[in-house]
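Contents: one structure, followed by commentary.
We did not get these values from a lab; they are worked out from the coordinates using the rules stated. As the structure is a computational prediction, the values presented were derived from the model and not from experiment. Quick reminder, even Gly has a Cβ in these numbers, built from the backbone with ideal geometry, and neighbours come from all protein chains shown.
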Protein chains: 2
Amino acid sequence: MILEAALDVLAETGYDGMTVDMVAVRAGAARATVYRRWPTKIDLVLHAVRRLAPGRVDVDQLPDTGSLRGDCIALMQPDTSEEAERRVRAISGLQSIAGRDERIAAVLADGGMQPWIDANRVLIQRAVDRKEYGPVDVDTLAQMLPLMCTCRVAVQQLPITPEYAIGLIDAILLPAMRGAQP
Amino acid sequence: MILEAALDVLAETGYDGMTVDMVAVRAGAARATVYRRWPTKIDLVLHAVRRLAPGRVDVDQLPDTGSLRGDCIALMQPDTSEEAERRVRAISGLQSIAGRDERIAAVLADGGMQPWIDANRVLIQRAVDRKEYGPVDVDTLAQMLPLMCTCRVAVQQLPITPEYAIGLIDAILLPAMRGAQP
């Protein structure tokens, strides 16, 4: 599949190193086919990344296990797979072009972590609403898991294991919920 | 100064886009001078980034204000300047090469956030030792500020304002310290 191949090549070589030809070879597709649909590299990359990002988390179908801990673990599950790491690496491969192309910068800012931040905000607000915890700074806390996990993969180049993710929930998120002062 | 110029060019164009010539022009130095000291681009970049990273925080001279909040704010101060953002952008410019060069990957993993994580670990442990807070998961909490701030600059491409950094301290770190369960 061409868009999947584009993400793989992007993850491996970064935006500057990739070519449309490399993507065609990886996908086993004719070069002419690829160039007909996506005349330039940036068209191809934007399409691949835009299509990918919103599918990562569905804010309308969030887990509802009855506890914030259960909800967060259920939400993290899909992001602990190799598949998800490849996605974050693909996004990391866009860093070199982000400063030079506003469309790429917008995809990174909006399409990368934002759905995860939104999902965390819903889960945290729900836990406050059902009085599992008192009032907290929902917007700031909602950024913690997405930013720390993305930084781990994209900057530290380390995998997000379930142990790591659950460690963040148990050592940071839940204590911060308990320790918030009204 | 040539190494400073290398960081500027790296921050602006990314590793793949930069050339030694661009750095020489930026520094106002003769190309031959630059090439004599650093025969290849990667030599130059490794030297510039290695020299920079350890200077960002001195674990032997950490602030000691008497409270964790005061210590963290004093520690963050140098990292909220334009200077520090340029440094993080330079590190971000290395992402495209990190997967292909182990030396760069090592600098990113060891030289980037690690001194900040170490500094946070010292400040948090000290707060526990003086009984400002009860026992906490020091290693995990020490990662929070460095990872979230780095992700904000390197991935979200947003500035680290003092308001943002203090928001993380007040909404996440200090509540998590208070809410930790032994």
Modelled FRET efficiency - R0 22 Å, A:MET1 with A:ASP58, Cβ distances, 0.05 increments: 0.55
Would you mind classifying segment A:1-51 by shape? Square roots of the alpha carbon gyration tensor eigenvalues, ordered a ≥ b ≥ c; an a/c under 1.5 is rounded, otherwise it is prolate if a/b is larger than b/c and oblate if not. rounded
Please compute the length gained on full extension between B:ASP21 and B:ARG36, using 0.36 nm multiplied by the number of residues separating them and subtracting their Cα-Cα distance. 4.1 nm
Environment charge at A:ALA27 (Cβ cut-off 10 Å; Lys +1, Arg +1, Asp -1, Glu -1): -1
Can you compute 3J(HN,Hα) from phi for each residue in segment A:122-129, using the Karplus curve 6.51 cos²θ - 1.76 cosθ + 1.60 with θ = phi - 60°, rounded to whole Hz and x for Gly and Pro? 4, 5, 5, 4, 5, 5, 5, 4
Which distances, in nm and shortest first, link the B:TYR35 label point to the same label point in every other copy, taking 7 Å along Cα→Cβ? 3.5
Cβ-vector label at 7 Å, B:THR65, separations to other copies in nm: 3.7
Inter-chain shielding of B:166-177 (mean C-beta neighbours from other protein chains, 10 Å cut-off): 6
Provide a whole-number value for the mean count of partner chain Cβ atoms within 10 Å of the Cβ atoms in peptide B:139-146. 4
A:ARG126 to A:GLU163: extension gain in nm, 0.36 nm per residue of separation minus the Cα-Cα distance? 10.9 nm
Count charges around A:LEU68 for me, please; just the other residues with Cβ under 10 Å from its Cβ, Lys/Arg as +1, Asp/Glu as -1. +1
